[in-house]
Amino acid sequence: MNIIESTQKYENWLEQRIPIIQEDLASKHNAMREAAFPFLRATFYRWVQLWPEICADLASAPAILSVGDLHVENLGTWRDKEGRLAWGVNDFDEAYPAAYTNDLVRLAASAILASQEQVLAIQPPKACQAILDGYQKTLENHGQPFVLAEQHEHLREWAISQSRAPLPFWQKLQELTPLTNTPAPVQALLQTSLPAGYSNASIVHRVAGLGSLGRQRYTIIADWGGAKIAREAKQLLDSAWIWEKPKAQSGEILYQKIIERSIRSPDPFTSQHNDWLVRRIAPDCSRIELAALPKERDETLLLAAMGSETANIHLGNAPEAAGQIMADLSSLPKDWLLKGSQAMVNATLKDWEDWKKSAK
């Protein structure tokens, strides 16, 4: 099966389960042609097909509840219940039990592609080593949440950089056209997520992300306490891992479960309601794009932090497997992460070239 057939099959599967916004899906297809890194982000369904074949030895590693669609732009910040700025994985749409190596290889592959496109400036061997160093160190230390208060000065400086200023964020949201056809249950979810006393509320459609483009997404904007606030409701679905399983018809959506178990100081405004995710969005409660980070940054430190956050998630979701993972890591060749991620990069680049050709 090639990338064209895979995409058609997956999108047919989507349409059988949820309403699809065709305009957003077309935007996703266009973004997939622009560069290999956004192509990777948009095609996790293809990854789950290729991974067991290309990295068969790594795919048999101990399985735990994993992020799945992990990449260097699937991280962001939020405010915990004490108002502190926290940092970590931002999206768990594809959470599902898988070999722990999957998250690490996908993270490293995304770093390699981002480097090839000059979004990052770090060589593949160094990127892989940084990710692995952060992961192993955090495993050994039993995990620690990323709260950007007394510690993690560099992450804090990057997270509050000028490119994430409040004024452009709110201006962009307020320029969106209010919707008049929001489903009543979703409207109720959004309204009940707001604090008492809000006013001037409107619901808009915000285009965001890549992997989930095409799914329903509603954002409510309101006035409260002298300023704007916003909440988002995004439709969830079974992970693409389920789609790839020939006999599986549906599976449990594990978004809430993986967040609750992960070693982190969570966002109290993020919650799963059946197949809808509701969360707060704000300039400091959102995904961080690499282009938004200051040009002067230590990318080894950044990738090591991403490796550490991956370990926080794995440890929280399978504390009893920590010993198994460490033992498995010690049995792998020294360059396993570089070889595995480079193999997946090569497969992704081939698919990307085929996808671009199909549009001509």
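The values are calculated or read from the model by the stated rules, or taken from the named source; none is laboratory data. Small disclaimer: the values here were computed from a predicted structure and weren't measured. Counting neighbours? That spans all protein chains shown, and the Cβs are built from the backbone with ideal geometry, glycine included. Side chains included, ligands, DNA and RNA excluded: accessible areas come from the protein's heavy atoms. Shrake-Rupley method; radii C 1.70, N 1.55, O 1.52, S 1.80 Å.
Taking the simple approach of a point 7 Å from Cα along Cα-to-Cβ for both GLN151 and ALA227, what is their distance in nm?
About 2.8 nm, to one decimal.
What number, in percent, do you get for the relative contact order of the chain if the mean sequence gap of Cα pairs under 8 Å and at least 6 apart is divided by its residue count?
Here the relative contact order equals 29 percent.
Per DSSP helix of 4 or more residues, -39500 (n - 2.57); summed, then divided by the residues of the chain. What does that give at 222 nm, rounded to the nearest 500? Could you put the intermediate results ahead of the total?
Values: 15 runs with 171 residues, N = 360.
Rounded to the nearest 500, it is -14500 deg cm²/dmol.
Over its Cα atoms, what ratio of radius of gyration to 2.2 N^0.38 Å does region 1-127 give?
1.16
Treating cross-link reach as a plain straight distance, find the lysines whose alpha-carbon is under 21 Å from the alpha-carbon of LYS295, omitting any fewer than eight places away in the same chain.
Here the lysines satisfying the reach criterion relative to LYS295 are LYS126.
Stretched out fully, how many nm does the piece from ALA327 to GLU260 gain, at 0.36 nm a residue minus the Cα gap? Show your work: numbers first, answer last.
Values: separation 67, 0.36 × 67 = 24.12 nm, distance 2.61 nm.
Taking ALA327 through GLU260 to full extension adds about 21.5 nm, to one decimal.
Once Rh for the chain is found with the Kirkwood sum over Cα pairs, what is the Stokes-Einstein diffusion coefficient at 20 °C and 1.002 mPa s, in µm²/s?
Working: Rh = 21.0 Å.
Result for D is 102 µm²/s.
Each residue of region 270-285 in order: what ³J(HN,Hα) in whole Hz does its phi give by Karplus 6.51 cos²θ - 1.76 cosθ + 1.60, θ = phi - 60°, with x for Gly and Pro?
Residue by residue, region 270-285 yields 9, 7, 9, 10, 6, 9, 10, 10, 10, 8, 6, 10, 6, x, 9, 10 Hz.
Suppose each label sits 7 Å from its Cα in the direction of the beta carbon; what would the GLU289-GLN22 distance come out to in nanometres?
Roughly 2.8 nm, to one decimal.
With a Cα-only, solvent-free Debye model of region 164-253, what are the log10 I(q)/I(0) values at q = 0.12, 0.14, 0.19, 0.21 Å⁻¹?
-0.47, -0.61, -0.93, -1.06
Taking the mean number of other Cβ atoms within 10 Å as a proxy for protection, how do you rank 232-244, 96-108 from highest to lowest?
On the way: 232-244: 21.5, 96-108: 25.5.
Final packing ranking: 96-108, 232-244.
So, in Å, what gap is there between the alpha-carbon centers of region 271-332 and region 84-134?
8
Just reorder LEU190, LEU332 by solvent-accessible area, largest first, 1.4 Å probe, all chains present.
The residues order as LEU332, LEU190, largest area first.
Quick one: divide the alpha-carbon radius of gyration of region 209-339 by 2.2 N^0.38 Å and tell me what you get. List each step's numbers first, then the result.
Working: Rg = 18.6 Å, N = 131, 2.2 N^0.38 = 14.0 Å.
Rounded to two decimals, the normalised Rg is 1.32.
If you line up the Cα atoms of region 283-360 on their principal axes, what length do they span on each, largest first, in Å?
If we take the Cα atoms of region 283-360, the spans are 51, 36, 25 Å.
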